[in-house]
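Trainee: Quick one: the structure is below, and I'll ask about it shortly.
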Amino acid sequence: MNKSFCKKMAGLALLSALSLPTLAQTQDPATTYGNGKVLLQQQRYDQAMAELKPLASQNGSYAAEASYLYALAALKSGKADEAYQMLLQLQNQHPNWGGMADADYLLANVLFEQNDYERALSKLQELQGTPLAKDAEGLKRYYLNRLNDRPKYEQLMRRFGSDRVVAQTFADKLVGGWYKPEDRRMLESLVQEFKLDPKRYLSKDAMKSQGLDVAVLLPFQLKQDYATTARKSQFITDMYAGMQMAQDSLQQMGIHINLYTYDAGADTATVKRVLDTPEMKSMDLIIGPVYKTTARVAARFGAQHNINVINPLTQDLEMAAGNSNVFLFESSVATQARQAATYAYQNFSPKTAVILYENTKDDTTYANNYRRQFQKLGGKVTVFKRINPAEAAATATAFRSLSLQGVGHMAVFSGKMTAAMNATSLLQSKAPELPLITYDSWLDINQITLQQLDYLQVYFISPKYVNKQNSLNKSFLEKYSRKYNLPPSPYAYAGYEMLFYFGQLLHQYGPQFNGQLATSGLKPGVFYSGVGYTDQSQRGQVQPDNQYVPILKLENLELTVVNPVL
């Protein structure tokens, strides 16, 4: 086949394509209309639109029918806006056309595609009592089933709640996953008003099938290179793995939790985009993010939409300040210090204390809160001294110069080896029976043996303590290791405890469980010694952070919780 022949054939094909509208203008309207219908039936929508458009723009006998078919072809080709404009033209130029009911039905379809559900439903209401009424119900049901934005659907219910299809589809969505305990009365009302099947909507089996939706916003760093981020994000992976294990445990208890994960790092713009997705407004609980900037964005979202937000890692009480929808899963620094001081006042005599603390922000905050609580209870602080463990000689002098006469206990708030060694050396030589309160990080200082700490009366503040001797831990350890090929880290235990605790609250009280926390009190966790958000010293008021702080002591080289939840 030579090149000149190929060029000639290509030219003819191009001429044929270009001449189609021209032919439509020269041939009679009946033929043009017939061609348009055939092209539409053949699903050649763009060609059908090209054939019908000249007729639609004229005022001939085929103008109304051509306008309708043009709009139908435009809708089927995904050009909803063009279909909408043509249907408006049809309504304005041919209001008395005999097929206007079909045009209204088509317009409702177009409006649904444009996500204008209110106008679409209003248009379909005009078809009641017409031969298209049954088709209109089917169209409503199809698009309403596709609507997964609960707040938007609730708006439709306020306006179209008397429409059986709208109401029944909402009931279907409730039993299909939207159900919350506070929806019970609404569901009962819908069943009664529209004579729906009670077994389908109100039976125990129907209620059991409902799930609680929990959004997990953590920095999974999915879009970054795995080799460079795997180690840095391991704690997040571990925490989420613990949540999945808790999800399985809750499922066995008949509590179905749906976890929806979102990659949420420190970028506020990304987190805002996640929170702007329609499904977020219907979540029962949000866990995360972990970074301060994005956590504040989530906190504002929670307050705006009355969704509780759990910050899984921070110990900064300011993250929940002034926002009753934000809870810290961990105990804040202030709460740790306050609970430790309360324990010391109640258990050590005389009611006097020596407090030394490192010159860092957290240690200073810890020491100030400890002193404030101890004095509030009636105790006396005889020494309150700041130290700098980086200056070894000055630190040693600070400890050697202490007078322990008449002191009920010592508190040292520094995780540095220099402070720990000077404190233990002082007590060993001068007052081995004097109680000492400090951080549990001292247990990991290699320069001090467990035998030394056991010999002395050292009490460790351990907010993340996990009881590895728990009878359930062996089973958890085996399941976790089998599933993830490594033992659970402290973050895995934290993820488990967090979802297990709040999952039960959601199941028992619903998403707005805040008011019930006051009566829940402190309860033993599965592996944690306790979890709770009320403090009797604060008149039993709900607090934004975990109020239980385990305090440990070595007895025969075994750690024991000295303040168990009773």
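Trainee: Just checking, how many residues over segment 153-183 are of a type outside the set (Phe, Trp, Tyr), touching a helix residue (DSSP H, G or I) at 6+ places or on another chain (Cβ under 9 Å) and open to solvent by 10 Å² or more (accessible area, probe 1.4 Å)? Break it down stepwise before answering.
Mentor: Here is the first cut: in segment 153-183, the ones of a type outside the set (Phe, Trp, Tyr) are 154-159, 161-169, 171-177, 180-183.
From what's left, touching a helix residue (DSSP H, G or I) at 6+ places or on another chain (Cβ under 9 Å): 154-157, 159, 161-169, 171-175, 180-181, 183.
Still in the list and also open to solvent by 10 Å² or more (accessible area, probe 1.4 Å): 154-155, 157, 159, 161-164, 168, 172-173, 175, 180-181, 183.
Residues flagged as of a type outside the set (Phe, Trp, Tyr), touching a helix residue (DSSP H, G or I) at 6+ places or on another chain (Cβ under 9 Å) and open to solvent by 10 Å² or more (accessible area, probe 1.4 Å) within segment 153-183 amount to 15.
Trainee: Turning to a different aspect of this structure: Among the residues of segment 551-565, which ones are closer than 24 Å to Leu522 by Cα and out of contact with any helix residue (DSSP H, G or I) (no Cβ under 7 Å at 6 or more places or on another chain)?
Mentor: Selection gives Lys553, Leu559, Thr560, Val561, Val562, Pro564, Val565.
Trainee: Determine whether segment 256-268 contains at least one residue that is polar (S, T, N, Q), within 18 Å of Gly503 (Cα to Cα) and either free of Cβ contacts under 8 Å to residues at least 24 places away in the same chain or in contact with a Ser or Thr (Cβ under 9 Å, 6 or more places away or on another chain) (or both). Let's see the steps before the verdict.
Mentor: If we filter segment 256-268 for residues that are polar (S, T, N, Q), which is where we start, we get 258, 261, 268.
Restricting the remaining residues to those that are within 18 Å of Gly503 (Cα to Cα) gives 258, 261.
Imposing the further condition that a residue be either free of Cβ contacts under 8 Å to residues at least 24 places away in the same chain or in contact with a Ser or Thr (Cβ under 9 Å, 6 or more places away or on another chain) (or both) reduces the set to none.
Within segment 256-268 (the criterion being polar (S, T, N, Q), within 18 Å of Gly503 (Cα to Cα) and either free of Cβ contacts under 8 Å to residues at least 24 places away in the same chain or in contact with a Ser or Thr (Cβ under 9 Å, 6 or more places away or on another chain) (or both)), the answer is no, since none of the residues qualifies.
Trainee: Which one of Gln168, Gln128 is part of a loop (DSSP other than H, G, I, E, B) and closer than 24 Å to Asp104 by Cα?
Mentor: On the way: Gln168 fails: part of a loop (DSSP other than H, G, I, E, B).
Answer to the check: Gln128.
Trainee: Give the residue that is nearest to Leu147 (Cα to Cα), with candidates limited to residues of segment 280-312 that are in contact with a helix residue (DSSP H, G or I) (Cβ under 8 Å, 6 or more places away or on another chain), touching a residue at least 24 places away in the same chain (Cβ under 8 Å) and open to solvent by 30 Å² or more (accessible area, probe 1.4 Å).
Mentor: Only one residue fits best here, namely Lys281.
Trainee: Further, regarding this structure: Quick check on this structure: which one of Asp104, Asp81 is open to solvent by 80 Å² or more (accessible area, probe 1.4 Å) and of a type in the set (Asp, Glu)?
Mentor: Only one candidate passes the filter, namely Asp81.
Trainee: Right, something else. Which members of segment 333-353 meet the condition of being open to solvent by less than 10 Å² (accessible area, probe 1.4 Å) and in contact with a Lys or Arg (Cβ under 8 Å, 6 or more places away or on another chain)?
Mentor: Residues satisfying the conditions are Ala341, Ala353.
Trainee: Quick one: which residue in Met410, Met421 is in a strand (DSSP E or B), of a type in the set (A, V, I, L, M) and either under 19 Å from Val381 (Cα atoms) or at pLDDT 95 or above (or both)?
Mentor: Being in a strand (DSSP E or B), of a type in the set (A, V, I, L, M) and either under 19 Å from Val381 (Cα atoms) or at pLDDT 95 or above (or both) holds for just one of Met410, Met421, which is Met410.
Trainee: When the residues of segment 390-401 are narrowed to those that are out of contact with any strand residue (DSSP E or B) (no Cβ under 6 Å at 6 or more places or on another chain) and of a type outside the set (D, E, K, R), which ends up surrounded by the most Cβ atoms within 10 Å (Cβ to Cβ)?
Mentor: Among them, the one singled out is Phe399.
Trainee: Which of the residues that make up segment 320-332 are crowded, with 22+ Cβ neighbours inside 10 Å and more than 19 Å from Pro511 (Cα to Cα)?
Mentor: If the condition is that a residue be crowded, with 22+ Cβ neighbours inside 10 Å and more than 19 Å from Pro511 (Cα to Cα), then Ser331, Ser332 are the ones that fit.
Trainee: Take Gln516 and tell me if it is in a helix (DSSP H, G or I), in contact with a helix residue (DSSP H, G or I) (Cβ under 6 Å, 6 or more places away or on another chain) and of a type outside the set (A, V, I, L, M).
Mentor: yes
Trainee: If I filter segment 501-554 down to residues being open to solvent by 60 Å² or more (accessible area, probe 1.4 Å) and touching a residue at least 40 places away in the same chain (Cβ under 8 Å), which single residue comes out as farthest from Leu212 (Cα to Cα)?
Mentor: This residue is Ser537.
Trainee: Among helices (runs of 4 or more DSSP H) lying entirely in segment 318-405, which contain 1 or more residues that are within 44 Å of the chain's Cα centre (by Cα)? Give the steps one after another, and end with the answer.
Mentor: Working: elements: 333-347, 361-376, 392-400.
The helices (runs of 4 or more DSSP H) meeting that bar are 333-347, 361-376.
The values are calculated or read from the model by the stated rules, or taken from the named source; none is laboratory data. Please read these numbers as outputs of a predicted model, since none were measured by experiment. As a convention, Cβ positions derive from the backbone with ideal geometry for all residues, glycine included, and neighbour counts pool all protein chains shown. Only protein heavy atoms, including side chains, enter the accessible area calculation; ligands, DNA and RNA are left aside. Shrake-Rupley method; radii C 1.70, N 1.55, O 1.52, S 1.80 Å.
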